[in-house]
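The values are calculated or read from the model by the stated rules, or taken from the named source; none is laboratory data. Quick caveat, the model's predicted, so the values are computed rather than measured. So basically every Cβ, Gly included, is an ideal-geometry build from the backbone, and we count neighbours across all protein chains shown.
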């Protein structure tokens, strides 16, 4: 009876119930994310061990092939330390292989997923890789269920908090409510807009089978977000604040593209 009264009063909020294959893809993307976290921690352990023993890599890029070759040639002063080095190196290698396996499975199973057309359309946007697009759709499902992109931004916790008292309003940090998995990948994707607007060969390949409307949204996103990134940096805003602002607007462009693709039943 209480639910009936609330429904009559319009005070009930609808929820999205994912299908079984959506939950499967969500679990797969989360497993990859866990593997990446484990890989990062394993690298931190190895780096700290080498640094603690005075071993410093002088090359240009860490964790490149040259860096790994350097690590394999390191000889520690004590046999126990050499064993520790090998164990740490093996942990990094094992985590890297796990990430690769999971990424391969995402690529394979994506072709069989009913929401694959939406994922492919979102990849038209700069910075939105297979991981970003798949994670977003697997976690959120139909983006069109949000009546306005502002609702999606708020759902992802990408809007600033607000403290109001009378006529005074004070904006604070991001609310960080809602789905943290999607918020994290959007923050990573937003960093691609620090560079000038440009349609690269990779983006052209992604857009081959997409409609002109989606291509236009993708280019409009680049023109706006690349310019906005540089403008905010020029105003002295912190990089983290700028990236969060770009991620917030990127979510709106993703919503616009998702509205162009009919959501399968």
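Data for the structure
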read-out: Filter result for residue 69 (part of a helix (DSSP H, G or I), closer than 30 Å to residue 199 by Cα and without any contact (Cβ under 8 Å) to a residue 12 or more places away in the chain); value: no
read-out: Matching option when the condition is modelled with pLDDT under 90 and farther than 30 Å from residue 117 by Cα, among 60, 41; value: 60
read-out: Residue 92, sole failed condition from (1) out of contact with any helix residue (DSSP H, G or I) (no Cβ under 7 Å at 6 or more places or on another chain); (2) surrounded by 10 or more Cβ atoms within 10 Å (Cβ to Cβ); value: (1)
read-out: Single residue of 161, 211 found to be surrounded by 12 or more Cβ atoms within 10 Å (Cβ to Cβ) and in contact with a strand residue (DSSP E or B) (Cβ under 7 Å, 6 or more places away or on another chain); value: 161
read-out: Which numbered condition residue 41 fails, given (1) without any contact (Cβ under 8 Å) to a residue 40 or more places away in the chain; (2) loosely packed, with under 11 Cβ neighbours inside 10 Å; value: (2)
read-out: Any chance residue 181 is in a helix (DSSP H, G or I) and either outside the structural domain of residue 140 (by TED's automatic domain parsing) or more than 17 Å from residue 150 (Cβ to Cβ) (or both); value: yes
read-out: Of all residues making up the stretch 1-36, the number that are modelled with pLDDT of 90 or more and either touching a strand residue (DSSP E or B) at 6+ places or on another chain (Cβ under 7 Å) or not in a helix (DSSP H, G or I) (or both); value: 1
read-out: Residue 172 vs. criteria surrounded by fewer than 14 Cβ atoms within 10 Å (Cβ to Cβ), over 16 Å from residue 257 (Cβ atoms) and in contact with a strand residue (DSSP E or B) (Cβ under 7 Å, 6 or more places away or on another chain); value: yes
read-out: Residue within the stretch 255-262 that is outside any helix (DSSP H, G or I), surrounded by fewer than 16 Cβ atoms within 10 Å (Cβ to Cβ) and free of Cβ contacts under 8 Å to residues at least 24 places away in the same chain present; value: yes
read-out: Subset tally (residues that are under 15 Å from residue 125 (Cα atoms) and part of a helix (DSSP H, G or I)) for the stretch 193-240; value: 23
read-out: Total residues in the stretch 144-181, condition in contact with a helix residue (DSSP H, G or I) (Cβ under 6 Å, 6 or more places away or on another chain) and free of Cβ contacts under 8 Å to residues at least 60 places away in the same chain; value: 3
read-out: Hey, residue 82 over 30 Å from residue 102 (Cα atoms) and surrounded by 11 or more Cβ atoms within 10 Å (Cβ to Cβ) or not; value: yes
